[in-house]
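Nothing in this text is a laboratory measurement; each read-out follows from the coordinates by a stated rule. As the structure is a computational prediction, the values presented were derived from the model and not from experiment. Virtual Cβ from ideal backbone geometry, glycine too; neighbours counted across all protein chains shown.
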Amino acid sequence: MSHFDPTKLPALNPADPASLDDLLTEDEKMIRTSVRQMLDKSVEPYIAEWFERGEIPNIRELTKELGSLGLLGMHLEGYGCAGMTATEYGIACLELEATDSGLRSLVSVQGSLAMFAIWRWGSEEQKQQWLPGMAAGDYIGCFGLTEPDVGSDPGSMTTKARRDGDDWIIDGRKMWISNAPYSDVAVVWAMTEEGVRGFVVPTDTPGFSAPEIKHKMSLRASATGELVLDGVRLPASAMLPEARGLKGPLACLNEARYGIVWGRSALHVQASRLRVSTRSTACSSASRSVLSSSHSRNLLTCRSNTSRATCWPCTSGAARTPTSCARSRSASVSSTTFARRSRSVAPRARSSALTVSHSSTR
């Protein structure tokens with residue numbers, strides 16, 4: 001009978017307590033580094049302010065930067081999408097969530113809900129019209145399923161779509177829709193005589209509006225709104241032809257849940273990003289408490305590039321302000337190339353389709 005000997009366990013690496021590095025290929029680590037460095041440059045210095053304001057003021061510029069890195073619809077193939085593996089997509093979601101849950105939500109809704117719905121269920125015309133621009137970040141998409149009175153129960157939705165000649169007329173409401181206030185296109189699910197059907201709705205269509213929901217307690221940097229459809233008239237070509245019944249929206253939700261699961265494992269990344277000075281006992285104990293929450297990145301401002309960096313729990317007393325609380329994980333990749341890939345049986349080769357230059361220090 002064998003006995004478990006805890007003294008023979010490998011030493012815990014505080015920077016990687018889940019030992020993910022042992023499971024990743026060099027390509028996957030390269031993608032992680034590229035995403036991490038982009039976030040360091042364009043998001044980390046500002047995310048605490050965005051969280052307090054309840055908005056991302058430059059959301060379109062940020063979305064285009066995410067698109068230039070290949071992060072939007074990155075697991076989809078063709079139409080300008082990166083065609084990355086599931087693991088690479090998961091790693092990107094993990095890094096995004098470690099910076100802010102709202103930012104990961106933006107990417108998940110864009111790629112795994114709105115883009116996937118068109119990619120999986122749409123016509124070739126719909127794919128050509130929307131997917132390249134969405135992959136590049138030129139168009140922002142949202143996914144309208146949840147309703148004010150029935151929540152996420154699609155079988156009880158009250159949004160209706162009825163025929164009027166060759167057109168469709170949609171009336172209804174959707175609630176708690178990420179990306180809604182800034183979207184250029186909405187994938188809206190409605191009840192028809194044939195059952196639940198999906199529609200691709202340009203947000204400049206008369207009768208469509210997306211008022212923003214303010215004063216949220218979480219996902220504050222995520223743009224969230226309501227979809228209001230009052231007599232929205234769409235051509236027959238706006239319907240997603242391959243989505244019939246509940247399998248349409250539910251398949252999209254399953255697609256998004258994969259990235260969400262990876263995002264929820266971001267705690268170990270948050271821990272590895274935080275290096276607290278041993279000279280500040282108060283800061284160290286407070287940080288351990290903060291890290292018990294997977295959303296600690298929203299509560300802790302801890303920048304290495306400013307002398308005013310402080311941990312929020314330490315600000316209750318001036319004497320407790322830490323002298324050093326920097327996230328100083330060094331990473332330097334002079335030129336990192338993402339491949340826009342093909343998942344054929346032939347060996348995958350990295351192309352120069354997407355090149356990102358990096359030089360930064362955590």
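For the reader, a short list of remarks on this structure follows.
- Put simply, the amide H of residue 223, placed in the peptide plane, has neighbours under 5 Å in 179, leaving out anything fewer than 5 places away on its chain.
- Linear extension gain, residue 233 paired with residue 41, 0.36 nm per residue minus alpha-carbon span: 64.8 nm
- Spacing of the modelled spin labels on residue 16 and residue 261, each 7 Å from Cα toward Cβ, amounts to 2.2 nm.
- Remark: region 141-247 carries a charge dipole of roughly 320 debye about the Cα centre, counting +1 on each Lys and Arg Cβ and -1 on each Asp and Glu Cβ.
- Spatial separation of Cα centroids for region 165-191 and region 82-97, in angstrom: 28
- Ascending count of other beta-carbon atoms within 10 Å, so fewest first, for 77, 28, 194, 97: 194, 77, 28, 97
- Tensor-based shape of region 64-156 (alpha-carbon gyration tensor, a/c under 1.5 rounded, otherwise prolate or oblate): oblate
- Extension gain for residue 26 to residue 123 (0.36 nm times residue separation, less C-alpha to C-alpha distance): 31.2 nm.
- Ranked by how many other beta carbons lie within 10 Å on average, peptides 209-218, 29-38 from highest: 29-38, 209-218
- Fewest-first sequence of 127, 174, 160 by Cβ atoms within 10 Å of each Cβ: 160, 127, 174
- Additional length obtainable on full extension of the chain from residue 216 to residue 68, 0.36 nm per residue less Cα span: 50.3 nm
- Region 141-247 - Kirkwood radius from inverse mean 1/r over Cα pairs (Å): 13.8
- Site pair residue 156 and residue 3 shows an inter-label distance of 5.7 nm when each label is modelled 7 Å from Cα along Cα→Cβ.
- As a rough guide to protection, the peptides 108-115, 234-241, 141-148 ranked by mean Cβ packing within 10 Å, highest first, stand as 108-115, 141-148, 234-241.
- Across 41/216; 127/214; 29/174; 160/214, pairs whose alpha-carbon gap is larger than 30 Å: 127/214; 29/174
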